[in-house]
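One structure is given here, and the rest of the page talks about it.
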Amino acid sequence: MDAAPVGAHVKHLGILAHSAEGAALCFRTFCQEGFARLGPHDHPDVTMDLIAMARSMPAWDEGDHATVRRTLALSAHRLARAGADFFVCPDNTAHMALELPGADLPLPGLHIAGVVADRAEHEGYRRVGLLGTRYLMDGPLYPRTFASRGITAELPDADDRRTVDRVIFGELVNGRFTDAARAHCTRVIERLARRGCDAVALVCTELPLLVTPGDSPLPTLDSTRLLARAAFDVAVGRRALPSWRGGPIRT
């Protein structure tokens with residue numbers, strides 16, 4: 001890969017974290033892009049802020065997205081004070097809260113669903129299975145974003161959705177990655193393939209740590225690494241600085 005340009009235009013990334021494992025993967029991938037494209041030990045400045053997800057889980061369970069948004073906004077303000085120029089949130093479900101109407105966030109940010117949908121469109125996928133939390137799979141975020149690009153979002157059936165959600169919250173977000181969990185998720189993807197999906201979007205940012213492209217019966221859209229690489233392109237000036245500061249997305 002060609003070396004990325006560097007200079008005064010390089011931007012400081014803020015990682016607005018919500019779940020630790022997905023945020024850590026985003027951080028590592030962003031830095032590794034620097035090593036590959038800028039040279040050994042080099043990458044744009046990056047700051048991460050993480051308020052423990054335990055503070056937000058009662059609100060998620062109650063459907064109180066406004067409270068979650070306030071917690072995420074606190075992290076965004078801390079990132080702004082640390083000097084970040086823009087943010088990414090490596091948590092797909094958190095975007096349901098970030099999209100609520102409210103005061104602008106202090107930094108512009110890349111929207112993870114837009115990044116994933118852009119790649120799906122670029123690859124020519126037409127029917128994409130979704131694996132994520134129950135909140136995300138039951139919500140409109142990805143079906144709406146994919147539909148704006150002419151792509152159908154296909155959900156696992158109810159039992160499979162419960163299985164994937166149990167794996168995420170019972171194991172992955174706590175740093176546990178087991179062969180049994182991998183087998184469960186692989187079987188879910190196999191069933192999506194039989195229903196005509198041509199790819200699967202791993203839209204829990206921990207899932208790419210469990211299900212690799214070699215494990216999956218379908219091509220994977222790795223939301224975590226796609227977001228990190230898009231952030232790197234913004235930081236080095238190969239992608240425009242985003243303008244979204246939370247609130248509803250107009251597709």
Condition check for Pro58: over 18 Å from the mean Cα position of the chain (by Cα) and either part of a helix (DSSP H, G or I) or at pLDDT below 95 (or both):
yes
Can you tell me which of Arg162, Arg225 is under 16 Å from the mean Cα position of the chain (by Cα) and assigned to a helix (DSSP H, G or I)?
Arg225
Could you tell me which numbered condition Pro217 fails, if it satisfies all but one of (1) at pLDDT 95 or above; (2) more than 19 Å from Arg134 (Cβ to Cβ); (3) under 19 Å from the mean Cα position of the chain (by Cα)?
(3)
Counted residues in the range 188-201 being more than 20 Å from the chain's Cα centre (by Cα), of a type in the set (Gly, Ala, Ser) and at negative phi come to 1
Going through the range 129-139 one residue at a time, which ones are in contact (Cβ under 8 Å) with a residue 40 or more places away in the chain and either within 17 Å of His95 (Cβ to Cβ) or surrounded by fewer than 22 Cβ atoms within 10 Å (Cβ to Cβ) (or both)?
Leu130, Leu131, Gly132, Thr133, Tyr135, Leu136, Gly139
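Every residue, every condition in (1) in contact with a helix residue (DSSP H, G or I) (Cβ under 6 Å, 6 or more places away or on another chain); (2) polar (S, T, N, Q), yes or no:
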{"position": "Phe177", "(1), (2)": "yes, no"}
{"position": "Ala201", "(1), (2)": "yes, no"}
{"position": "Leu210", "(1), (2)": "yes, no"}
{"position": "Ser216", "(1), (2)": "yes, yes"}
{"position": "Thr224", "(1), (2)": "yes, yes"}
{"position": "Val236", "(1), (2)": "no, no"}
Among strands (runs of 3 or more DSSP E) lying entirely in the range 64-155, which contain 1 or more residues that are touching a Phe, Trp or Tyr at 6+ places or on another chain (Cβ under 6 Å)?
127-131, 152-154
Gly14 fails exactly one of the following numbered conditions: (1) assigned to a strand (DSSP E or B); (2) over 29 Å from Val211 (Cα atoms). What is the number of that condition?
(2)
Only one of these is assigned by TED's automatic domain parsing to the domain that holds Arg187 and over 20 Å from Ala240 (Cα atoms): Leu72, Leu130. Name it.
Leu130
Can you find a residue in the range 148-164 that is more than 23 Å from Met96 (Cα to Cα), surrounded by fewer than 22 Cβ atoms within 10 Å (Cβ to Cβ) and in contact with a helix residue (DSSP H, G or I) (Cβ under 6 Å, 6 or more places away or on another chain)?
no
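Which residue out of Cys204, Cys185 is buried (at least 17 other Cβ atoms within 10 Å of the Cβ), over 15 Å from the mean Cα position of the chain (by Cα) and not in a strand (DSSP E or B)?
Cys185
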Looking at Val68, Val88, which is the one that is farther than 20 Å from Ala228 by Cβ and either among the aromatic types (Phe, Trp, Tyr) or crowded, with 20+ Cβ neighbours inside 10 Å (or both)?
Val68
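The values are calculated or read from the model by the stated rules, or taken from the named source; none is laboratory data. Model, not experiment: these values are computed from the prediction. Here Cβ is always computed from backbone atoms with ideal geometry, including for glycine, and neighbour counts include all displayed protein chains.
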